[in-house]
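Below you'll find the structure, written out as structure tokens, and then a few comments.
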Amino acid sequence: MKKLLSPLALILLFAVCTTNSFGQRKQKVNYNWADPNENFYVTQARMNAYYKHFEKELEQEKKSGVVKNRKVGSEEEQELAGYELYKRWEHLMAPRVYPSGDKRLYSKAFEEYQGYVIQNSSQKQIGGSNSIMSATWQPIGPFGDLSGANAGRINAIRFDPASSTGYWACAPAGGLWKTTNTGSSWITNTDLLTITGCSDVVFDPTNPQNMYLATGDGDAGDNYSIGVLKSTDGGLTWSTTGLSWAVTQGRKIYKLIINPLNKNTIFAATTNGVYRTVNGGTTWAQVVAAASMTDIEYKPGDTTTIYAVNTSFYMSTNGGSSFSTVTAGLPTSASNNRLAIAVTPANASVVYVVASSAANSGFLGFYQSTNSGAAFTSKATTPNLLGWVPAGNDTGGQGWYTLSVAASPTNSNEVVVGGVNIWRTMNGGTNWSIFAQWQGSGAPYVHADIHDLIYKSGTSLYIACDGGVFFTSNSGATFADINGNMNISEIYKIGLSKTTYNKAITGHQDNGTNTYSGGWSSSMGGDGMDCFIDQSNDLVMYGEQYNGSFNRTTDGGATWAAITTGITGTGAWVTPWHQ
């Protein structure tokens, strides 16, 4: 996608904590904006003060019309990415927590909806089929098959155990989606959950109609979790389990696993440790009391051995009753900000761990165990598997946000790692090559920001990313998206034609400015903000990118030109304007 300042900037997220030396400054800054214990206005003042110098530079670029060339992967580029992410978050949060600044109010709607459920017997089950919405409203998109653009973010992709052509996709703010035809079309039954974010779903190995859903957004916290929900009718309706939280607790779930030999045993890796149920979700016990447990896996073929990670590696050999920490051959907890695990049935004794650096969220190292997690060996520290460039010779990354790894089920030496791009090794981690790249440079195109990687076979790999769901069926020779009609785009603003009833223009977060005329077309890239159509001429449209960067088209969106306003200063992230 074409961007205003940089092709990369609007699809990148910045590190949680990094040392910045941009503009003759060197200081630490805490990027944990979503911390529910810090008042929004305190966070806002802290971040605005940090970015004040940067806004001045962007203002100067806007006035001069000369955009600074920021090298991809440089500290300046990373700062731009961090600024953009912060401004998106600020724009979303500010009206929802006014005037108290209590971030926990962001999800207040769910509590109100729960009150409605209690008062209306027809809605006793969460997400019941008796919709409270008007039947006269129908979705028109843009959907995941929008030409020239991609769908929104997906946290995880899971295969339906009852169908070889069925998949489930977990959207962090768009709910749980199901396809029965390999992605040609999708449906959702979670619109009435209100907290529509989800990060994982698992299935009863004896009856796939019984499902467990991890609510909330694990990777970024767009939605806080209300715990694990259970469905007994294949996802049509959902009810709470014993692992239930108030949104005011600000917790997240990263991953679920279910015992393949015992349908009643399930584990949840959460920001509040690892929880286990042995009675199908009725009650849960905390079996690891540690923060931010980001991944968990069973040893293939052995349900007594379980691996889990945060910034340390934990292992259980008694079915999850207790866990011990493994340090042999692994990086120290202080040196990394996130770990991820891969196992493979091709060799059950092999465990892989990939680590993101605490210093800059770039690649810290790749580690292999050949004795079921008892000890590890460092296999690689270069190239930068979590960076942006296909050569892997940049620094930094966004491992705190996107870190995934998967091992082939038929070849234990084949492993893929996802950060911004996807890299692959064919010899157990010693050597790496770019496998898929966000620009299609040096490898086939797959949208940036890889949240989940999962093999379906030795040659078939599925990817959950910020552009939806992608897959390859030929070991990476080609990739394709299967987003179909997933309706998960995030729209800032909409403008309607005064003369044509079915013509509109919309501004999207990280998916550009798009036009509708009975069907959708991608028009202008980057973050699309406030937009409108000329009142007397449909060919003339106005689109805006962040901080008041105004643009105009006179040919219906085929080409755009910047508008020189003469206005000084930096506009709001979404700057209001109208005709």
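The values are calculated or read from the model by the stated rules, or taken from the named source; none is laboratory data. What you see is a predicted model; the values in this text were computed from it and never measured. Note: ideal-geometry Cβ built from the backbone for every residue, glycine included; neighbour counts use all protein chains shown. The protein model used for the area step is the full one, side chains on, heavy atoms only, and it has no ligands, DNA or RNA in it. Shrake-Rupley method; radii C 1.70, N 1.55, O 1.52, S 1.80 Å.
Taking the range 510-544 as the range and being closer than 14 Å to LYS493 by Cα, under 22 Å from the mean Cα position of the chain (by Cα) and either of a type in the set (Val, Ile, Thr) or open to solvent by 10 Å² or more (accessible area, probe 1.4 Å) (or both) as the test, the residues that pass are ASP510, ASN511, THR513.
I'd like the full set of residues that are open to solvent by 20 Å² or more (accessible area, probe 1.4 Å), over 14 Å from VAL287 (Cα atoms), part of a loop (DSSP other than H, G, I, E, B) and in contact with a strand residue (DSSP E or B) (Cβ under 8 Å, 6 or more places away or on another chain), limited to the range 308-348. Hits for the range 308-348 are THR311, SER312, THR327, GLY329, LEU330, PRO331, ALA346, ALA348. Against the criterion of being open to solvent by 10 Å² or more (accessible area, probe 1.4 Å), in a strand (DSSP E or B) and either farther than 25 Å from ALA406 by Cβ or of a type in the set (Lys, Arg) (or both), THR283 does not qualify. A Cβ distance below 8 Å, combined with a sequence gap of six or more or placement on separate chains, defines the contacts here; from the range 543-566, residues that are farther than 17 Å from TRP520 by Cα and of a type in the set (Phe, Trp, Tyr) reach residues that are modelled with pLDDT under 90 and surrounded by fewer than 15 Cβ atoms within 10 Å (Cβ to Cβ) in the pairs PHE550/THR565.
Scanning the range 488-509 for residues that are open to solvent by 60 Å² or more (accessible area, probe 1.4 Å), out of contact with any Asp or Glu (no Cβ under 9 Å at 6 or more places or on another chain) and closer than 22 Å to GLY175 by Cβ returns ILE491, ILE494.
Just one of the listed residues (VAL469, VAL446, VAL420) is among the hydrophobic types (A, V, I, L, M, F, W, C) and over 25 Å from THR165 (Cβ atoms), and it is VAL420. Here is the figure for the range 246-258: residues that are within 28 Å of THR304 (Cα to Cα) and open to solvent by 20 Å² or more (accessible area, probe 1.4 Å) total 5. Can we say SER412 is open to solvent by 10 Å² or more (accessible area, probe 1.4 Å) and farther than 17 Å from VAL353 by Cβ? In short, no.
Listed by position, the strands (runs of 3 or more DSSP E) inside the range 353-432 whose residues that are over 25 Å from ILE306 (Cβ atoms) number at least 3 are 422-425. Against the condition in contact with a Ser or Thr (Cβ under 9 Å, 6 or more places away or on another chain), touching a residue at least 12 places away in the same chain (Cβ under 8 Å) and closer than 26 Å to VAL278 by Cα, how does TYR167 come out, does it pass? In short, no. Here the condition is being touching a strand residue (DSSP E or B) at 6+ places or on another chain (Cβ under 6 Å), acidic (Asp, Glu) and at pLDDT 95 or above; of ASP295, ASP302, it holds for ASP295 alone. From the list ALA359, ALA291, ALA355, the one residue that fits, being open to solvent by 10 Å² or more (accessible area, probe 1.4 Å) and farther than 23 Å from CYS198 by Cβ, is ALA359. Within the range 458-465, identify whether any single residue is assigned to a loop (DSSP other than H, G, I, E, B), of a type in the set (Val, Ile, Thr), within 22 Å of PHE376 (Cα to Cα) and at pLDDT 95 or above, and answer yes or no. Taking every residue of the range 458-465 in turn, none turns out to be assigned to a loop (DSSP other than H, G, I, E, B), of a type in the set (Val, Ile, Thr), within 22 Å of PHE376 (Cα to Cα) and at pLDDT 95 or above. Scanning the range 458-506 for residues that are touching a residue at least 40 places away in the same chain (Cβ under 8 Å) and among the small types (Gly, Ala, Ser) yields GLY458, ALA464, GLY467, GLY468, GLY476, GLY484, SER489, GLY495, SER497.
Does PHE376 satisfy being open to solvent by 10 Å² or more (accessible area, probe 1.4 Å) and under 24 Å from the mean Cα position of the chain (by Cα)? Criteria not met by PHE376.
A single member of THR190, THR215, THR179, THR196 is open to solvent by 10 Å² or more (accessible area, probe 1.4 Å) and among the hydroxyl-bearing types (Ser, Thr, Tyr), and it is THR196.
For first residues located in the range 171-193 and at positive phi, partners that are among the aromatic types (Phe, Trp, Tyr) and lie 6+ apart or on another chain with Cβ distances below 7 Å form the pairs GLY183/TYR167.
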